[in-house]
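Okay, structure first, notes after.
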There are 2 protein chains.
Amino acid sequence: MNPVTTAPSTRELAHPAREEIRLEGVLHALSDPIRLSVVSDLAAEEQELSCSHFVLPVTKSTTTHHFRVLRESGVIQQVYRGTAKMNGLRRDDLDALFPGLLDSVLAAAAGQAHRLGGS
Amino acid sequence: MNPVTTAPSTRELAHPAREEIRLEGVLHALSDPIRLSVVSDLAAEEQELSCSHFVLPVTKSTTTHHFRVLRESGVIQQVYRGTAKMNGLRRDDLDALFPGLLDSVLAAAAGQAHRLGGS
């Protein structure tokens, strides 16, 4: 998380190519409430957001874990810009592979949050 | 699995009520390829199917585990009919809670199976 000996801007994080993304991995990534809230925020903002944008009720190492699960499943892309790790939703890839899935999950999450009294 | 001292027809398995079903649990249940194949079969057949209908590449105890995860998350209902445990998709509940979600997951699963060369 805090590279000292290498320039952050040259670090590249591993991502699955579009054809390597698997439905099971995406559903698993979305099956956690913290990760689902991150994805909902990214979808709503429609732009890259830094990790520090998200105020999550978990430790920093758990936060890192959640972002890694999202990245390795192909749900988000993470790139270093200067010292910030920026996160973007891979909507084009997900919509191409699984038409309608992301939107139905986002709508389901919003509907459930409304039913349960917000959050 | 093999009740001896009680009549199978009187055994009732625990299910969440519709309002107790949570999106995260449903997505988790669907995030396993075995469970996803069971749900795809149930959706395609549009009727209750016995556990023995499914020929899965796992042990019987693992099969039982997968069906339990599907039941406890609210994805399927399981009832004993005589000595057979019958499984049905809770489509009405899922469609009411999460419109379009089940169909988009099923379509995504079918599309992925086609891309990967069947299964």
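Below are the figures for this structure:
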quantity: Subset of region B:68-113 that is at pLDDT below 95 and loosely packed, with under 15 Cβ neighbours inside 10 Å - its residue that is nearest to the other protein chains (Cβ to nearest Cβ); calculated: B:Arg81
quantity: Some residue of region B:9-16 being of a type outside the set (Lys, Arg), surrounded by fewer than 17 Cβ atoms within 10 Å (Cβ to Cβ) and closer than 25 Å to A:Ala110 by Cβ; calculated: yes
quantity: Any chance B:Ser31 is touching a residue at least 12 places away in the same chain (Cβ under 8 Å), surrounded by 17 or more Cβ atoms within 10 Å (Cβ to Cβ) and under 17 Å from A:Leu27 (Cα atoms); calculated: no
quantity: Which listed residue, of B:Leu42, B:Leu116, is among the aliphatic types (A, V, I, L, M) and either more than 29 Å from A:Asp95 (Cβ to Cβ) or surrounded by 19 or more Cβ atoms within 10 Å (Cβ to Cβ) (or both); calculated: B:Leu42
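Residue-wise test of (1) in contact with a strand residue (DSSP E or B) (Cβ under 7 Å, 6 or more places away or on another chain); (2) touching a residue at least 24 places away in the same chain (Cβ under 8 Å); (3) charged (D, E, K, R).
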| site | (1), (2), (3) |
| --- | --- |
| B:Arg35 | no, yes, yes |
| B:Leu42 | yes, yes, no |
| B:Ser50 | yes, yes, no |
| B:Val55 | no, no, no |
| B:Thr59 | no, no, no |
| B:Leu70 | yes, yes, no |
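The values are calculated or read from the model by the stated rules, or taken from the named source; none is laboratory data. Please read these numbers as outputs of a predicted model, since none were measured by experiment. Using ideal geometry, Cβ is built from the backbone for each residue, glycine included, and neighbour counts are taken over all protein chains shown.
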